1. Scan the range 183-196 and tell me whether some residue there is surrounded by fewer than 22 Cβ atoms within 10 Å (Cβ to Cβ), touching a strand residue (DSSP E or B) at 6+ places or on another chain (Cβ under 8 Å) and assigned to a helix (DSSP H, G or I).
2. Kindly list the number of the only condition in (1) within 19 Å of Gly80 (Cα to Cα); (2) away from the ligand (no atom under 14 Å from the Cβ) that fails for Val314.
3. Name every residue in the range 284-296 that is surrounded by 24 or more Cβ atoms within 10 Å (Cβ to Cβ), over 13 Å from Gly66 (Cα atoms) and either among the polar types (S, T, N, Q) or more than 9 Å from the ligand (Cβ to nearest atom) (or both), in order of residue number.
4. Please go through the range 178-193 and give me each residue that is touching a helix residue (DSSP H, G or I) at 6+ places or on another chain (Cβ under 7 Å) and not polar (S, T, N, Q), ordered by number.
5. Here are some residues: Val76, Val60. Which one is away from the ligand (no atom under 16 Å from the Cβ) and surrounded by 16 or more Cβ atoms within 10 Å (Cβ to Cβ)?
6. Contact list please: Cβ distance under 9 Å, first residue in the range 120-142 and over 19 Å from Val100 (Cβ atoms) and within 13 Å of the ligand (Cβ to nearest atom), second residue modelled with pLDDT under 95 and not aliphatic (A, V, I, L, M), pairs at least six apart or on different chains.
7. Quick test for you: out of Gly239, Gly203, pick the one residue that is surrounded by fewer than 21 Cβ atoms within 10 Å (Cβ to Cβ), away from the ligand (no atom under 14 Å from the Cβ), over 19 Å from the mean Cα position of the chain (by Cα) and not in a helix (DSSP H, G or I).
8. Of (1) surrounded by 23 or more Cβ atoms within 10 Å (Cβ to Cβ); (2) more than 24 Å from Leu150 (Cα to Cα), Pro281 satisfies all except one. Which?
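The values are calculated or read from the model by the stated rules, or taken from the named source; none is laboratory data. In this text the structure is predicted, and so the values were computed from the model without any measurement. Quick reminder, even Gly has a Cβ in these numbers, built from the backbone with ideal geometry, and neighbours come from all protein chains shown.
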Amino acid sequence: MLKNSMLRMGLLAALMAALISPVQAVSKADADKALKAAHDTYKGLKEGKNADYIPALAKVNSNFFGIGLVTVDGQVSTVGDVDQLFSIQSISKVFTMAQVMQESGVDVVLNGVGVDATGQVFNSIVAVEQFRGKEMNALVNPGAIATTSLVKGKTADEVWAKILGMHSDCAGRPLEVNAEVYKSESDTNQRNQAIGMLMYAYGLIKDNPAQATDLYTRQCSINVNAKDLAMMAATLANGGKNPVTKKQVIDQKHVAKILAVMATAGLYDDSGKWLFLTGLPAKSGVGGGIIAVSPGKFGIAAFSPPLDAAGNSVRAQKAITMISEKLDGNPLNPKAK
Ligand code: DON
């Protein structure tokens, strides 16, 4: 009798403990260990080359290597050059797309920009010509410039405040523009100006293509570090709610759509290969950053400037792949019961 009631009390206590303690997606010790192992393994890797079509990017130290991981319950792990600021570049396309979904709904992105991979490089004019500006996605330059043009506002400043606000809320701190990169890209972005004008000619940008291209250039120049990017990825992993500030930045219902576009087109021509190897929705930038999202578990980011032929950071891809494998991050990997 006594034994039975003690057993029942024990079971009740275990049940209470399970209900009270938050589900630990990934332990801090495991995350720290995985980050350190990946950093140690790949810090000596000398493959790839900095982007140089934006002159300011060619000058960044190729040895920088930082990794951040934030779990959905707000645990932060970092290793390497995590305080080093760099320009977000194409990773910004994810968050401007989120801003448009947030204020105008997902159909504007689905029908007004497209959600299909182009099978072409990120700044392809052939891709625009193929369907007269349609059948794009928000993560390649033509679709991204069109997406920026969809952010509502009476003035450029009003639009910019929303774009920067979305990025900052996801990072959990006020972000700023890297003035040197913005100037360098503004001086050399004639191809993007042409793409903006072409999208205007085909009616995918309704008004003021020069403003859209300029604001797009500015968003690509936002300064972040690897920890900021990990927090932004973790906000997506956590259903649109920043896991540290607890602000619901993006409506939960939009997150699956954002992740779907990242899975399809986040690493450009190598998106299929990346998904095959990791299963993670991700996005790269020519500044050397990559974010990846393990839904319901963690957001991860790595920064290392040298890129491969597809324009994706070599070390960042390898580090994220290794860490995610160690932490069981692949969402396309169901376990048999
Ligand atoms: O428009 C551009 O070319 C750059 N601001 C961004 C390109 C980019 O990051 C592509 N990433 N892999």
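1. Residues of the range 183-196 that are surrounded by fewer than 22 Cβ atoms within 10 Å (Cβ to Cβ), as a first pass: 183-184, 186-191, 193-194.
Next, from what is left, pick out any that are touching a strand residue (DSSP E or B) at 6+ places or on another chain (Cβ under 8 Å): none.
So far as the range 183-196 goes, no, none of its residues is surrounded by fewer than 22 Cβ atoms within 10 Å (Cβ to Cβ), touching a strand residue (DSSP E or B) at 6+ places or on another chain (Cβ under 8 Å) and assigned to a helix (DSSP H, G or I).
2. (2)
3. The answer is Ser284, Ala292, Val293, Ser294.
4. In the first step, residues of the range 178-193 are kept if they are touching a helix residue (DSSP H, G or I) at 6+ places or on another chain (Cβ under 7 Å); the result is 180-182, 184-186, 188-189, 192-193.
Matches in the range 178-193: Glu180, Val181, Tyr182, Glu185.
5. On the way: Val60 fails: away from the ligand (no atom under 16 Å from the Cβ).
Of Val76, Val60, the one residue that is away from the ligand (no atom under 16 Å from the Cβ) and surrounded by 16 or more Cβ atoms within 10 Å (Cβ to Cβ) is Val76.
6. Qualifying pairs under 9 Å: Gln120/Gln130; Gln120/Tyr268; Gln120/Asp269; Val121/Tyr268; Val121/Asp269; Val121/Gly311; Ser124/Thr118; Ser124/Gln130.
7. Working: Gly239 fails: over 19 Å from the mean Cα position of the chain (by Cα).
Only one candidate qualifies: Gly203.
8. Answer for Pro281: the failing condition is (2).
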